[in-house]
Ligand SMILES: [Zn+2]
Ligand SMILES: [Zn+2]
């Protein structure tokens, strides 16, 4: 089994860099090199001003052998995401997919940034998880997203809740199913301190039971990270009986067998 699609990529990385062929072509080159044939550009919504649909069309024309999807990662940034949501609504027809994610918790805390372990240790871990999943549910309900990114990102530094979150997770997945969203399988977790796929095997099994479809993703912030650990992900997926993924074109979801 070979994975062919990476649906979470950040050409702009961690700063505003307007789209150009110089910025984007290395992603097409790298995709071809590692035999990906379908990928989505999903920069953070706070850098939406750098996204240029004409540059994406130019990239498509120069690389007709690849499916190149226009996307964005919409999060709950207290400063920028109101403008991000507006931008998504305005450009909805030009976008193939919108990823939803939660990067901020109570007190505008950017919990997944490097060095946030101390704050995890200071707060009540069960409250952190409850707060996180409540915000995930709000994102799922937003009506602005097609797929949920790194669903259990809150485990990033390996801090685990002491309460049982089974019912909470079940509620979250029911909400995702109800909103007809896909769920991302992200290898990014393997390069973070937690060293575990996003989401966990337990969440994947529950999602499978509900019939939620999956996308595959690396969350690359540099083109050399694109498709990272995809052999390992393919192995896990076949062990878990996942033999198909979904692709998006103008928000239309299609299931493709692997
Ligand atoms: Zn993210
Ligand atoms: Zn991302």
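Here is how the numbers come out for the structure above:
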| item | result |
| --- | --- |
| Every pair of residues 6+ apart whose Cβ atoms lie under 8 Å, when the first sits in region 149-163 and is in contact (Cβ under 8 Å) with a residue 24 or more places away in the chain and farther than 12 Å from residue 200 by Cβ while the second is within 16 Å of ligand 2 (Cβ to nearest atom) and in a helix (DSSP H, G or I) | 156/189 |
| Test: residue in region 23-30 that is within 16 Å of ligand 2 (Cβ to nearest atom), touching a strand residue (DSSP E or B) at 6+ places or on another chain (Cβ under 8 Å) and within 26 Å of residue 229 (Cα to Cα) | yes |
| Filter pass, residue 130 being in contact (Cβ under 8 Å) with a residue 60 or more places away in the chain and closer than 14 Å to residue 171 by Cα | no |
| Tally, over region 111-156, of residues that are part of a helix (DSSP H, G or I) and either within 15 Å of ligand 1 (Cβ to nearest atom) or under 15 Å from the mean Cα position of the chain (by Cα) (or both) | 8 |
| Single unsatisfied condition, residue 39 versus (1) in contact (Cβ under 8 Å) with a residue 40 or more places away in the chain; (2) within 16 Å of ligand 2 (Cβ to nearest atom); (3) under 16 Å from residue 145 (Cβ atoms) | (3) |
| Some residue of region 196-204 being more than 13 Å from the chain's Cα centre (by Cα), at pLDDT 95 or above, over 15 Å from residue 99 (Cβ atoms) and in a loop (DSSP other than H, G, I, E, B) | yes |
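The values are calculated or read from the model by the stated rules, or taken from the named source; none is laboratory data. Fair warning: this is a prediction, and the values are worked out from it, not measured in the lab. Here Cβ is always computed from backbone atoms with ideal geometry, including for glycine, and neighbour counts include all displayed protein chains.
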